[in-house]
Amino acid sequence: MFNPNDVNIDLLSARAHNLRWATLPKDVIPLTAADPDFPMAPPIKEALFKYIDGGYLSYGPAEGLESFREAVAKDYERKNQVTYASELILPVDSAAFGIYLTCKAILQPKDEVIVFDPVDFLFKYSVEQVGAKAITFPTPQTKGLMDFSGLEALITPKTKLICLCNPLNPTGKVFTKSELSALAEIVAKYQDLMVLSDEIWSDIVFNPNKFNAFSSIDTVFERTITVTGYSKSYGLAGLRIGSILMPNKNIYDKIFAMSLHQSTVHGANVLGQIAAQAALNEAQPWLDGFVRHLQEMRDFAVTRLNAMPGVQCQAPQGCYVLFPEISETGFSASELQNQLMIKAKVAVVPGLPKWFGSGAEGHIRLSFATSWGILDEALGRIHKFLES
Ligand SMILES: Cc1ncc(COP(=O)(O)O)c(C=O)c1O
């Protein structure tokens, strides 16, 4: 597992979209969208085969398969010691849609939402799609603890939601329990202020860091809507499957009504639920191996990047993306992305406001969810270009 032979570039070149193999010339290595180059875990494949072998792909329940909701609740409890009632878990067609749907259900036009910066574009995008306003809280990449004291100053009577991305894509920050408690203390002071905790990266955490769920802080459990997904840990992005875990029936009813699942206008497809439940119930040993492989790739890539002229790279605590500071190369993020694409034949994501907020300038993002051989080749090409 996780050997060069396990990466099938021919199939990826036909199937992997969203800035990756299928969208680029054949000689370009894409370290772009965070989507693994490895195929799904064998138990997931078997579960899908078995379900399809039954021959029926009928409508599933609007609320999701009971077995799926139970698998999500059990997995969350095992990993976080937090109990979500399975009837308050809703499968949705991706974590991305989970973020959007939460915004749609919770926010009114002109409400304000605190969004970290840099962070994945999906938060600001979703907030703005429902007519609310994203207020950015700078979360630069530092080695120390995050200071939330400045966040409170951003709260106004219009602030209804804080979007927490933990672990944080793209900096790889994994929030400690004391950092989350500091945030919880602020949240608890303001009636009606909710937190959307995106935990899609929570399985991808490197030793000695430890993931802590915001929902595990008792004082804010009722204020937390947890969104997660199965694209990152299990390579199921094409199935578009995620979950929203809700603290009470009131919030569940609002989100369920807004989901349009009951009318069949939207819904999480049954194959996605079958795959994700197999992942949670049966693919944990595979996931452990994947994280061990990723930790090796991270250490290898960080050392290589820091040996390149003008590049400084901190080791991410979680997520399989690197977010090196590249200003000293003399290029802006988009100039470097362009040059690497043309001259080094490596695709990276530039730290542009449209992807991660304005706090990302001076950085590029590289995914390392690939084999050692591919990563070695890509980093070698980048190094050679920067030295030239
Ligand atoms: C923080 C975060 N949330 C959500 C997503 C989207 O995941 P999905 O494929 O389930 O929509 C991503 C993907 O990069 C992400 O980094």
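Please treat every number below as a calculation from the coordinates, not as lab data. The shown structure was predicted, so the numbers you read here are calculated from the model rather than taken from an experiment. Methodologically, a virtual Cβ is constructed for each residue, glycine included, from the backbone with ideal geometry; neighbour enumeration extends over all protein chains shown.
Quickly run through the range 362-388 and pick out the residues that are surrounded by fewer than 18 Cβ atoms within 10 Å (Cβ to Cβ) and either over 26 Å from PHE38 (Cα atoms) or among the aromatic types (Phe, Trp, Tyr) (or both). Across the range 362-388, the qualifying residues are GLY362, TRP372, LYS384, GLU387, SER388.
Among the criteria (1) more than 16 Å from the ligand (Cβ to nearest atom); (2) under 23 Å from LEU164 (Cβ atoms); (3) in contact with a Gly (Cβ under 7 Å, 6 or more places away or on another chain), the one HIS261 does not fulfil is (2). Residues that are away from the ligand (no atom under 16 Å from the Cβ), in a helix (DSSP H, G or I) and of a type outside the set (D, E, K, R) within the range 235-258 comprise ASN250, ILE251, TYR252, ILE255, PHE256, ALA257, MET258, listed in sequence order. Residue check: is ASN281 more than 24 Å from LEU236 (Cβ to Cβ) and over 20 Å from the mean Cα position of the chain (by Cα)? No: the conditions fail for ASN281. The conditions of being more than 26 Å from ILE106 (Cα to Cα), touching a residue at least 12 places away in the same chain (Cβ under 8 Å), in contact with a helix residue (DSSP H, G or I) (Cβ under 6 Å, 6 or more places away or on another chain) and among the hydrophobic types (A, V, I, L, M, F, W, C) are not met by ALA307. Listed conditions (1) near the ligand (Cβ under 10 Å from one of its atoms); (2) touching a Ser or Thr at 6+ places or on another chain (Cβ under 7 Å) are all met by ILE225, apart from (1). Taking helices (runs of 4 or more DSSP H) as the structural unit, those lying wholly within the range 51-169 and holding at least 1 residues that are surrounded by fewer than 23 Cβ atoms within 10 Å (Cβ to Cβ) and without any contact (Cβ under 8 Å) to a residue 24 or more places away in the chain correspond to 66-80, 122-129, 149-152.
Residue-by-condition table, conditions (1) closer than 21 Å to VAL205 by Cα; (2) in contact with a Phe, Trp or Tyr (Cβ under 7 Å, 6 or more places away or on another chain); (3) of a type in the set (Ser, Thr, Tyr):
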residue: GLN81; (1), (2), (3): yes, no, no
residue: ASP111; (1), (2), (3): no, no, no
residue: TYR125; (1), (2), (3): no, no, yes
residue: PHE137; (1), (2), (3): no, yes, no
residue: GLU152; (1), (2), (3): no, no, no
residue: LYS160; (1), (2), (3): no, no, no
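Tallying residues that are touching a residue at least 40 places away in the same chain (Cβ under 8 Å), outside any loop (DSSP other than H, G, I, E, B) and more than 11 Å from the ligand (Cβ to nearest atom) within the range 178-203 yields 1.
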